[in-house]
Structures are given as C-alpha cells and as structure tokens.
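Undergrad: Below: one structure in structure tokens.
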There are 2 protein chains.
Amino acid sequence: MSSFKPEAIDLSHHLSHAARARHISPLKGLAKYLGTPGLLSLAGGLPSPAYFPYSDISANVLIPNSFPVSPTQESSSFAWLWKLFGADKEKTVSLTIPKYPVRPEDLNLAAALQYGMAGGIPQLQKIVKEFSDKVFQPAYENYVTMLHAGNTDAWNKSVITLCNPGEGVLVSKWTYPSAMAAMQPYGIKPIPVDIDAQGMRSDALRTVLTEWDETAHGMPRPRVIYAVPIGENPTGTTTTAARKKEIYQICVEFVEDDPYFVLQEGQYVPKAQRKQQSESAPTGLDEASHFIASLEPSYLKFDYQGRVIRLDTFSKTIAPGCRLGWYTCNPMFAERLERAAETSTQAPCGFGQSLVTAALLEWKYEGYIRWLKGLRLQYTLRRDFFVDCLGEEFHLTVAPGTVGLWEGCDVYSAFVKPTRSLTGYFNEKAPLGNALFSFSPPTSGMFVWLKLHFDQHPAFSTMSSKDLEMKLWIELAEAGLLVGPGAIFWPTGDYASETTGHFRISFSNSTKEELKKATEIFGAVLRDFMADA
Amino acid sequence: MSSFKPEAIDLSHHLSHAARARHISPLKGLAKYLGTPGLLSLAGGLPSPAYFPYSDISANVLIPNSFPVSPTQESSSFAWLWKLFGADKEKTVSLTIPKYPVRPEDLNLAAALQYGMAGGIPQLQKIVKEFSDKVFQPAYENYVTMLHAGNTDAWNKSVITLCNPGEGVLVSKWTYPSAMAAMQPYGIKPIPVDIDAQGMRSDALRTVLTEWDETAHGMPRPRVIYAVPIGENPTGTTTTAARKKEIYQICVEFVEDDPYFVLQEGQYVPKAQRKQQSESAPTGLDEASHFIASLEPSYLKFDYQGRVIRLDTFSKTIAPGCRLGWYTCNPMFAERLERAAETSTQAPCGFGQSLVTAALLEWKYEGYIRWLKGLRLQYTLRRDFFVDCLGEEFHLTVAPGTVGLWEGCDVYSAFVKPTRSLTGYFNEKAPLGNALFSFSPPTSGMFVWLKLHFDQHPAFSTMSSKDLEMKLWIELAEAGLLVGPGAIFWPTGDYASETTGHFRISFSNSTKEELKKATEIFGAVLRDFMADA
C-alpha cells in the first residue's frame, strides 16, 4: 500500500511483537491471479452455494423518519415516546436478498454466506467508507475503512496489534470495564489519567507522560491511549474539538472507541425552563451536513499523521446483535488487523452484513443520517425525562462545579425533598441539610453518573466508600432496582482511595413508567440508607 | 458448577496463565438478582429494542430432503448434480422471526439483536446440546455445549485458554495452515507428529512424548493436541474409532476441530466397478441413528475424563457466512472460554443465530440429520466425479500403499496416458514409464491430496521439491487453474526436506464442467512441466 499522504510517518515501530509475527496471508500470494477472467480455482475450501439452505432472506425495515427530529407538542408531553413498542404504527419497507440475484453484482447470499475476505462484503465496505469520509473527515488521504465484528472484538484486536505484554495503556480515570478486562489476560495494564467534564485532561496526560519513570512504574512509557471521547462510559463526558486537538498534539498513538458518537444530547435544561424547540433550518447546508456540523468531531479530523484507530459500531445505531462495525485507520494498521481477523473471527456474519447493508442501501446516506438524528432525539428525551424524575423525587439545587470531573459544569445536588405535613414541611428520616448525591446531566451517551456522598453516612468513619457503595447496591437490588456499581468502572485496584461512592444509571432501555418507579425506589432506599435506618 | 461425572479429574492446571487471569464477569455478580420478577434494571447499557429498525426478518429455506441420500439412476449419471444452481426447482418453506412474537419465549429479534450472553440464544443452545448428545455421545455426563463465532475463532480462544507463550501444540505432519497461523503471534509452536491414512499415528505420538527433551526442544513437553480427525485438511485422512481410543489413552488434552464430520464419504470405487447402490434399510434403528452409526465417532465418545474441547461449525453444513458453531467440552473450560468471548466476540451475530435457529426448529432434529445425509452424498459424488476425471486424463494404476500416509490404502499412480496415433500408441513429451503423481482418494472432506513425483523432473538434481512445486503452481495459475500449494500446509519451516511436491485440490465448489476442464489443464501443464518443456 502507498505511504501516508499528505504526511508520511513511519508508525511501524508501534506494532506489537505479536502483530509483526503474524503470517502474511497465503491468500495474498494468490491475489494477482484471483481477478483473472475464466480462472478455475480448486485452491480454496469453499462449499458450493447450492448447499446453503437459504433461497432468500427478507426483512421489514423501519423507514428513516420513524422517530421525530425535534420535540413537538405531542413529543414533549412524552405521549409518543416508546410508542413503537406497540408496533402497530410502524411504517416499514420490505427488502429481500436472494441467493442468486439477477445482476451478480447486487447484494447476494451466495457471496455473503461464503467464506469471505475478513474486511467484509464490498457493498458494505463502500457504505462505511462514505460514512467515514463525510462524517469523520479524516485529516489524511489514504486512510482505510475495514469491517469488524463489533467494537469489543475490534478493541481486543487493536490491543494485541499495538501492545506487548507488560505494557500499559492510558485510560480515563473512570472507564469501560470490558475494555480493561480484554487487556488483562495479555498482561497489559490500564494507566489512569485524571478527567474533567471533557474526559481525559490534556494537562494530566502531559504530566503522566513527562514524569514517567520506567523503573518506578516497572514498564516503559505507555504508547497507546484508549479513549471513549463521546459519552464516556460511565461518566458521560464529551471531549470537545479543542480538547481533542490538545490531546492529539501530546499524543503518540491511540484507539478511539466511539459507540455513542451520534448520541450527543446537548445540555440538560430543567423541565420548567425547557422551551418548545424547533430545529433551526439549515442555512446553506443540507440536512445531513447540518447534523454533522452539530456534533463534536472525531479525533480523526485532527489525525494528520494517521495515528488513530477509530472503532465504529452498529450496536448503538442499528442493534447490538449485529456484531458489526468498522475500523478507520492507516493502511498499515488495517493490514495487521485484517491478518488478526483471518485467524480468529474472519468476516462478520454474512446474514448480519446482508441485512444491515440492505437497510442502508434502501435508506441511502441521507436516510441513515435522518435515522441517526431521530435516535439522538430519543436519547435526549430519555435523558431529560430521567433527570426530570430525579427532580421530582429529590430536591435539586444547581451550581457550577469548581473542581474535578464536573469543573465548569452545572452540578445538581440532590437533597431529601421536604414533605408537607399538616403542620408544615418536615422529614422523618434523613437530614435535610446535606446533599445525598450529586450529578451533572450527561451531554451524550446512555448513562447518568452519580456521586454518592457517603461522608454523610453515619458509618462513614468505620466503613470505606467502596463497602458502603456495595451495601447500598445490595439494598437497592433487594428492593427491586439494579444499577451499575461504580467500583466496576475503576480501572485499577485502589478504589478504596475514593471518598465518594458512585453509581452508573442507564436511561436507555426502560419505559417511562419504569424510570419513574426506579427513581422512587432509589429515593426511598437511599433516604433510609443515609439515615442508617 | 458440579465436578465431573462419572470421572472427577482436576484439569485446572492445564489452563494458561492468561486464562486464569481473566476477570470473573461482573454479570455473574448480578446473576442472583436477574431472575427476580418485576426487577427494574438500569444497570446495563442496553439500547431499547424499539430502536432496532427491523420489524421482522424472514427466509425461504430449503426442505431437508432437497438432496437425495442414495445415488439413483438419474443421480449416478450426474444429470441432477448441481441442478439447484438453476434454483427453479427448489422446494422451500417460508419462516419469519418477528421482533415481538406473540409468545415472548418464541424466537424473537428483540432478544436476538440485543446484547446477549456470549453463549448464544437459548433456543439454539438447546438445539446444539441435543445434537451433541445424540450424535457425539460424550463419555461423561456434565459436559457443556456453548455457541461460538466459528471454528477459526473458537480455535484461537482455545489456544489462548490452554497454552502459554513458548509452548508447543502437537499437530499432524500436514495440517490446516490457518490454525497454525493463529498460534504464531502468541509464540506457540506446532510440533509435527507423523501420520498415516488415519491421521496422527498413535505410536509416533507416544514416541514424541516419551522422548521429549525439554532442554533440546527449548520448551516443556506439549500438553495439547490439535486434531482434525475427519477429512484432515489437506490430506483428507479419517481417524477411526480404534485409533482415537489409542490416541486418547496416550493423551493429556486436546482440541478436536471437526468441521467435516458429516462429510464422511467412504471408499472411492472406480467408475467401472461402481454399482447402483441403494441404502440398506435400517434394521431396528431409525434413520437418524442409522446415519450416525455409519460415521466414525467423535473423540468425545472416548473422553471419559472431559479432556477434549470439540469444535463444531455450521460452515460446512449450513454456510460459512453464518460464523457460527459450538464447543462441547467440560464446564471449567467452557466457563473460561465464555469469559474470553465476553471481552472479544461476545455473542455470535443475532441475525445469523435467528435464521439458523429458525431453520433448525423448522427442520427438527430428524430433518437436520436428513439434510446432512443429503450433503454427505453430494460430497461423495463430487469426490467420485473428480477422481473419475483424473482417470480420464491420466492412466491410473492402483496398488496398496506400503508406507507413510497411505500405508494400507489404495494408492493411485498417474501416468501419461498413451495417445493413439495412426501408427499406434505414442506420447510426445513426457516419459511413459514413471508416475507423475500419486494420490489416495479421500474418505472424507473436500480435498484430494496429490504427491508430485518431482524425482522424475529433469531439474530435480538442481532444484528442491519446494521450488519445483512453486514453479509448477505458477505455471498452472498462468494456464488458468489455481490449486492449493502443499508448502502452506507444512506446519514448520523445513519443507525442503520433503522429496516430493504436493497439491491440495478442492472438489467442493466447482461445476462438473469446471472440474473436467481443470483436470485437462492440469494434465496438459503437468506433462509439459515434467518433460521440462
């Protein structure tokens, strides 16, 4: 493959020993012959498509504008929200993928269900390339897109392609536990970096790298960052363009795992102040470009040296069960990642590729963008509704954060709500005076991240935050509510050093009634718990 | 999980360091609560199924008896073979999988397309368990079946679960190159063991293990065997029950990669001697049991200590693009393999799982067995037809093999066919007297494995077999025929020690006309080549 344009940087020294050791695929030796017209191949171990028992597969697919893009009178009352559960008002279009299409170049099961190139079927390769072109606008020319079997697996392959056993990966102080668990068996350790509301802090990153002491740390200075720049799981932080530029300038290499990219929900506005918003009409921009311009850009946009491996997934935008996504990265990394796929996952499932491709071909690029806009509003409304519920269950005060994760953000503190009795306001159990927990409504993603103020708990002097967090988590579970315990998102073993507890609460998959009920359970259990009742 | 029955053996010392280091899934901590009726979960990061854009998916699926099970007058003339390419005579049944079925326990997209347990959807888990029960009949009770994303990935996960870097895996002298390539980046080396027509020789295995010298080999004695016992790729050997028992008695641990299990084609009978065969009616056995009894059993049948990880795939029996298969192994290995899947592939693709499950539910167990019987005959007829073609292109003689791979087998030697001219028989180029190549028709799988007698080549004194093999391979490719070069199936670096060349030729995916044309090209190029023309 050709060298980088416009910048030519040799990044091959960042490949792991394992990645370098991978065989060149024997297929590559055949490649010069494979295109020959009339060539007979008895080389592969391919079953005949005649023996694939599917004559065709079909799907009824929702139309791209199934969800509104701006809150209407009806939508802001949430009357329509989750209405699709009833399924009787869905508008769908029927699509069929035959085993043998009339035009052989059309989407066909004979090809999609055959052993295939690990990079995926050509029609879908073209679609994701166009998406990366238009939406991420990488800063160098000869980047490559290549399909993979979901971001979890793509991260696993990225780790073994970039890191050697005993090395470290820079991660946000709070981050996605499954990504850490993938590194662990290879002896690759997370190196936490301090965060604020934009995710990883560039000054903290610079300090970690500058002050790195190979002897003291027992490992070389890390060369790889794992970043979830939009809707970081669990904190929900959004890394802005300015921060991304700073990080990139400091950077050596990194992997951008960005499943929540289109779920950029914007600032939470309290219910009473929320206005009937209508999308401002694009001026001089088509609808798709207007939508893209409204999103924080990818690291790719600043990646003039080809250092980023971006992981995209259809899990959040189509369905997790697709197990389908794509890399955008430099051709050298792509080639090594493709070799890694050839000896493990091979191509993503042909049924899934076919059905996703058929929908995207039907929707076209503009339709897919329209679908994503609808999705973004759904998650925004869910975020708003859940925070509204917290506002009904607790007395919320708002003040700008001054330090740490929420510096400069609207931080909501939750107090026991005064209860009106015959003789005025009173509360039975918990003290009114101190906040029970605090949070900053996320600007992207699926989660609200709570700090639990256990310093207000009567047993705080004798129990660690970690133990109090688990105690409360169990009490909630036994009262019928599961939330994500903070401890599992702490990448290293020293969680006891935290003085607050944490919960990650998902608003992505419950009905309105369930979210309401959940906040009531949460309120009742938490008030009792903090009163040590 | 409970200990083994009836034998209780602790095999935990066979886990790799990496496998031991894997996290227990955080999900396991939640498991005791997840079954609670009415429990609200805001713990996971699940999108709402309302946002999955598929209302339903459908397929037209062939009926199980689409292919005959015994050669008929029509079939033995090959008139029907590959007829399904025309697709107009297919008998299919239409299946639909809704997002929200009327009965929630039915197959449904809302569940199949959600993040799921790595082991797969329950309906398919049940089907593969029944298949392993009835077809493989493992020798201990509490074995586990668990879905995976294809044998290639399952082998990758088995390697990192069982082996540490620097260790070796015992393999057949000729074996599947992709399996070797998967080990290489982890620093795990293949240790070849001599083979005969039954695959790995038990006496050779015993010798390797008995005489193992840790210092001389620079690694501990291998603990793992990789076996393709049916239709070994590329040699097509079939390991009999008796041999399996011998190997198992010697064995410590092993992985059985058995994609060709049902493609057991039996002995090749030359065309002139081939009789119109009709399946003998089962006596006291139902059709499915009769079929199973006709197959060499799995290693599982002798695995009374739970040492085998058996890998099954739908690639050869449904379609490679399913990327779907299953493990059958002991519960401890299964648990570690499930953890490995959670941080990489997760569950197999939900679309693929749904469509495969729908077909298998429709066909039922007996229907699937009927489908497999039809497939087996298809591959048998293809094998016979291709060997017949070789018999038309070359003068074949047959004699029992006396040594090595084909000891005790019918070995066919191919000579230049006498060409009748006006003055009698003559040949222009190659010597009549010596065999150009030899082979033993495979008893299973998709490939004919040829030994090329390069000692007859004029340049043999100055060129290695390896170089002659590549030279011939290129000449064939340039004449329009691709075959599998033998060198890629040699697991170690010392191929030059072989005195013959080798080709693997696939009969699995070409039309009758293509196979005929391929043998003609092969004949023409080989005769010229051996005459050094």
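The values are calculated or read from the model by the stated rules, or taken from the named source; none is laboratory data. Computed from a predicted model, the values in this text were never measured in an experiment. A quick note on method: Cβ atoms are made from the backbone with ideal geometry, for glycine too, and the neighbour counts reach across all protein chains shown. Each accessible area value is taken on the protein alone, full model and side chains, heavy atoms only, with ligands, DNA and RNA left out. Shrake-Rupley method; radii C 1.70, N 1.55, O 1.52, S 1.80 Å.
Undergrad: Name the residues of the range A:56-72, by number, that are at least 10 Å² less accessible with every protein chain in place than in the isolated chain; the surface is that of heavy atoms, probe 1.4 Å, without ligands or nucleic acids.
TA: Output list: A:56, A:57, A:58, A:59, A:60, A:61, A:62, A:67.
Undergrad: I would also like to ask the following. Identify unpaired cysteines across chain B, taking unpaired to mean no other cysteine Cβ lies under 4.7 Å from the residue's Cβ.
TA: Isolated Cys, chain B: B:163, B:251, B:322, B:329, B:389, B:409.
Undergrad: Near residue B:91, which aspartates and glutamates are there with a Cα under 13 Å away, not counting those fewer than 8 places off in the same chain?
TA: A:56
Undergrad: Is there a pair in A:189/B:189; B:126/B:189; A:126/A:245 whose C-alpha atoms are over 31 Å apart, and which pairs would that be?
TA: From the list (A:189/B:189; B:126/B:189; A:126/A:245), the Cα-Cα distance tops 31 Å for B:126/B:189.
Undergrad: What size of dipole, in debye to the nearest 20, comes out for the range B:380-530 about its Cα centre when the only charges are +1 on Lys and Arg C-beta atoms and -1 on Asp and Glu C-beta atoms?
TA: About 220 debye.
Undergrad: I'd like to check one number: the per residue accessible area of the protein assembly as shown, probe 1.4 Å, reported in Å² as a whole number.
TA: Accessible area per residue, the protein assembly as shown: 38 Å².
Undergrad: Place a +1 charge on the Cβ of each Lys and Arg in chain A and a -1 charge on the Cβ of each Asp and Glu, then give the dipole magnitude about the Cα centre in debye, rounded to the nearest 20. Don't skip to the end; give the middle numbers.
TA: Details: 50 positive and 56 negative charges, 183 e Å.
The dipole magnitude comes to about 880 debye.
Undergrad: Which aspartates and glutamates does residue B:316 reach when only Cα atoms under 12 Å apart count, and residues fewer than 8 places away in its own chain are ignored?
TA: Answer for residue B:316, where 12 Å is the Cα cut-off: B:258, listed by chain and number.
Undergrad: Counting only residues 5 or more places away or on other chains, whose amide H sits under 5 Å from the amide H of residue B:169 once H atoms are built in the peptide plane?
TA: For residue B:169, the qualifying residues are B:189, B:191.
Undergrad: Further question on the same structure: Just to be sure I understand the interface: list residues from the range A:170-194 that lose 50 Å² or more of accessible area between the chain on its own and the complete protein assembly, 1.4 Å probe.
TA: Relative to the lone chain, where solvent access is computed with a 1.4 Å probe, the range A:170-194 loses at least 50 Å² at A:184, A:185.
Undergrad: So, with +1 on the Cβ of K and R and -1 on the Cβ of D and E, and no other charges, what is the size of the charge dipole of the protein assembly as shown about its Cα centre, to the nearest 20 debye?
TA: Numbers: 100 positive and 112 negative charges, 205 e Å.
Charge dipole of the protein assembly as shown: 980 debye, to the nearest 20.
Undergrad: Here is a follow-up. Using a label point 7 Å beyond Cα on the Cα-Cβ vector, give me the inter-copy distances for residue B:407 in nanometres, one decimal, shortest first.
TA: 7.5
Undergrad: State the answer as a single residue: which of A:416, A:515, A:439 lies farthest towards the positive end of the charge dipole of the range A:379-530, with beta carbon charges of +1 for Lys and Arg and -1 for Asp and Glu, about the Cα centre.
TA: The residue sitting farthest along the positive end of the dipole is A:515.
Undergrad: Rounded to whole Å, how close does chain B get to the rotation axis onto A by Cβ? Give me the residue too, please?
TA: That would be B:349, 2.
Undergrad: Can you pull the three principal axis extents for the Cα set of the range B:380-530, in Å, largest first?
TA: 51, 39, 35
Undergrad: Between the range B:464-485 and the range A:306-325, what's the alpha-carbon centroid distance in Å?
TA: The range B:464-485 and the range A:306-325 have Cα centres spaced 41 Å from each other.
Undergrad: Ordered shortest first, which distances in nm separate the 7 Å Cα→C-beta label point of residue B:269 from those of the other copies?
TA: Those separations, rounded to one decimal, come out as 8.4 nm.
Undergrad: Something else: Can you return the aspartates and glutamates within cross-link range of residue B:271? Criterion is Cα-Cα under 18 Å, with same-chain partners fewer than 8 residues away left out.
TA: Within reach: B:74, B:384, B:388, B:392, B:393, B:410, B:513.
Undergrad: Within the accessible area of the range B:380-530, what % is carbon and sulfur when the probe is 1.4 Å and the other protein chains stay in place? Let's see the in-between values first.
TA: On the way: 3270 of 5960 Å².
The computed percentage sits at 55.
Undergrad: Report, as an integer, the average count of C-beta atoms from other chains found within 10 Å of each Cβ along A:347-359.
TA: Average neighbour count from other chains, rounded to a whole number: 6.
Undergrad: What does the helix-only formula give at 222 nm for the protein assembly as shown: each DSSP H stretch with n ≥ 4 adding -39500 (n - 2.57), the total divided by the residues, and the result rounded to the nearest 500 deg cm²/dmol?
TA: That comes out to -9500 deg cm²/dmol.
Undergrad: Can you figure out the FRET efficiency of residue A:105 with residue A:366, using R₀ = 22 Å and their beta-carbon distance, to the nearest 0.05? Walk me through the intermediate numbers first.
TA: Numbers: r = 23 Å, r/R0 = 1.04.
Between residue A:105 and residue A:366 the formula returns 0.45.
Undergrad: Right, another one. List the residues of the range A:290-327 for which accessible area in the full set of protein chains is at least 50 Å² lower than for the chain on its own; 1.4 Å probe, protein heavy atoms only.
TA: A:318, A:320, A:321, A:323
Undergrad: So what does the Cα-only Debye profile of chain A read at q = 0.05, 0.09, 0.12 Å⁻¹, as log10 I(q)/I(0), no solvent term?
TA: -0.23, -0.73, -1.23
Undergrad: Rounded to the nearest 100 Å², what is the buried accessible area between B and A, both sides summed, probe 1.4 Å?
TA: For B against A, buried area totals roughly 8900 Å².
Undergrad: Suppose you put the label 7 Å out from Cα in the Cβ direction; list, shortest first and in nm with one decimal, how far residue A:366 is from each other copy's label.
TA: In nanometres, ordered from closest: 5.6.
Undergrad: So, one more: Could you work out the Rg to Rh ratio of the protein assembly as shown, with Rh taken as the Kirkwood radius (inverse of the mean 1/r over all Cα pairs)?
TA: Reported Rg/Rh, Kirkwood definition of Rh: 1.00.
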